[in-house]
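To keep things clear, I will list the structure first and then write my remarks on it.
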Ligand code: MN
């Protein structure tokens, strides 16, 4: 199988989908499923966040292996806010809070590898948010 690249972070016949349709809080982000192979038992997705947009603040049992593919931004991983840029690698361990945000004026695109069979994301409770907000850098960063 060969899927030609079309430029502008789009691939032939791969639809650009909504990031999520579960009503959780996110802003200006799209999802493309590049590989979805039962034999490999994993999916490779490409997410793209518009300037200033962000992904959902969440955690879950499954792990994310991420390669930044476009632009710059920041990632919350646990209680750390990490500046990320193109070609950086980010691994998000299981049950670790995470959220990605694009820098103002820049897109943030990233490849994200996950298991096909995975648990659903868990959103923070008010107690979880209170705990996260005890860390000033985290409090400033998160969007919920
Ligand atoms: Mn996640």
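Could you list all residues from region 4-34 that are over 16 Å from residue 45 (Cα atoms) and in a strand (DSSP E or B)? Across region 4-34, the qualifying residues are 6, 7, 27, 28. In summary, no strands (runs of 3 or more DSSP E) completely within region 76-122 bear 3 or more residues that are within 11 Å of the ligand (Cβ to nearest atom), more than 16 Å from residue 55 (Cβ to Cβ) and at pLDDT below 95. Residues that are under 22 Å from residue 138 (Cα atoms) and either within 12 Å of the ligand (Cβ to nearest atom) or buried (at least 17 other Cβ atoms within 10 Å of the Cβ) (or both): does region 3-21 have at least one? No, the conditions are met nowhere in region 3-21.
Going by what's in this entry, would residue 36 be described as surrounded by 13 or more Cβ atoms within 10 Å (Cβ to Cβ) and more than 15 Å from the ligand (Cβ to nearest atom)? No: the conditions fail for residue 36. Considering region 78-115 alone, what residues qualify as being within 19 Å of residue 135 (Cβ to Cβ), in contact with a strand residue (DSSP E or B) (Cβ under 8 Å, 6 or more places away or on another chain) and touching a residue at least 40 places away in the same chain (Cβ under 8 Å)? Within region 78-115, 81, 97, 98, 99, 100, 101 qualify. The sole residue among 71, 53 that is in a strand (DSSP E or B) and without any contact (Cβ under 8 Å) to a residue 40 or more places away in the chain is 71. Scan region 39-57 for residues that are more than 14 Å from residue 109 (Cβ to Cβ) and either more than 11 Å from the ligand (Cβ to nearest atom) or over 10 Å from the mean Cα position of the chain (by Cα) (or both) and jot them down. Within region 39-57, 39, 40, 41, 42, 43, 52 meet the criteria.
The values are calculated or read from the model by the stated rules, or taken from the named source; none is laboratory data. Everything numeric here is computed off the predicted structure, so don't read it as measured data. Cβ sites come from the backbone with ideal geometry, for glycine too, and all protein chains shown count toward neighbours.
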